[in-house]
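Written below as structure tokens is the structure these notes are about.
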Ligand SMILES: N[C@@H](CCC(=O)N[C@@H](CS)C(=O)NCC(=O)O)C(=O)O
């Protein structure tokens with residue numbers, strides 16, 4: 001399996017972390033999107049959306065969309081328990097992350113970290129929605145250890161990806177104690193090492 005991605009991208013890191021925890025063998029191929037390396041005909045042949053992460057499974061099968069990829073890689077492991085209701089609650093977070101979190105927090109981070117914008121150049125509406133997303137997480141994590149059930153799952157991986165670097169998008173997490181404690185728990189899980197998920 002070849003993972004095409006950039007280690008500076010939260011969407012790509014979700015895939016690396018999941019592959020590592022599940023002990024999937026892979027080759028990492030760096031794609032520099034700032035140099036247009038995802039906008040080539042060769043890349044489009046793998047993923048017509050021309051985005052990273054894209055995974056080449058080596059048998060003519062390609063998969064894109066970070067949350068679809070981690071869902072596929074984590075099947076049969078503790079990161080995606082078999083129980084249908086648990087999976088549905090995980091999916092709820094995965095869809096929410098892509099529609100109500102990533103477009104605001106990750107985009108502000110991209111503007112500041114990659115385009116060199118100052119915090120005040122960010123669009124006010126986007127900053128507002130990013131704040132609402134972080135507030136939703138703070139509320140959801142009050143009295144909880146992880147986002148779904150009592151255990152670390154791909155829901156946590158998906159949300160950790162851009163929440164742990166929210167400060168790079170100009171967001172201050174210091175007043176969000178539940179999010180901060182959860183980030184530390186996620187970091188500990190991610191550092192448990194290759195193959196710890198099954
Ligand atoms: N919804 C997609 C978003 C992927 C995405 O936006 N990828 C960015 C990097 S984080 C990218 O490859 N952009 C290349 C481009 O737009 O040219 C996912 O979750 O994988």
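The values are calculated or read from the model by the stated rules, or taken from the named source; none is laboratory data. Remember, it's a predicted structure, so these values are computed and weren't measured experimentally. As a convention, Cβ positions derive from the backbone with ideal geometry for all residues, glycine included, and neighbour counts pool all protein chains shown.
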Practice problem: Out of 125, 117, report the one residue that is more than 14 Å from the ligand (Cβ to nearest atom), farther than 16 Å from residue 186 by Cβ and outside any helix (DSSP H, G or I). | Solution: 117
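Any residue in region 106-113 that is surrounded by 13 or more Cβ atoms within 10 Å (Cβ to Cβ), at pLDDT 95 or above and not in a helix (DSSP H, G or I)?
No.
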Quiz item: Is at least one residue of region 28-36 surrounded by fewer than 22 Cβ atoms within 10 Å (Cβ to Cβ) and farther than 28 Å from residue 166 by Cα?
Solution: no
Quiz prompt | Failed item in (1) within 13 Å of the chain's Cα centre (by Cα); (2) surrounded by fewer than 23 Cβ atoms within 10 Å (Cβ to Cβ); (3) more than 9 Å from the ligand (Cβ to nearest atom), with residue 65 passing the rest | solution = (3)
Quiz item: How about region 18-48: which of its residues are farther than 15 Å from residue 63 by Cα, touching a residue at least 60 places away in the same chain (Cβ under 8 Å) and within 14 Å of the ligand (Cβ to nearest atom)?
Solution: 34
Practice problem: Identify all residues within region 67-86 that are touching a residue at least 40 places away in the same chain (Cβ under 8 Å) and closer than 14 Å to residue 150 by Cα; write none if there are none. | Solution: 78, 79, 80, 81, 86
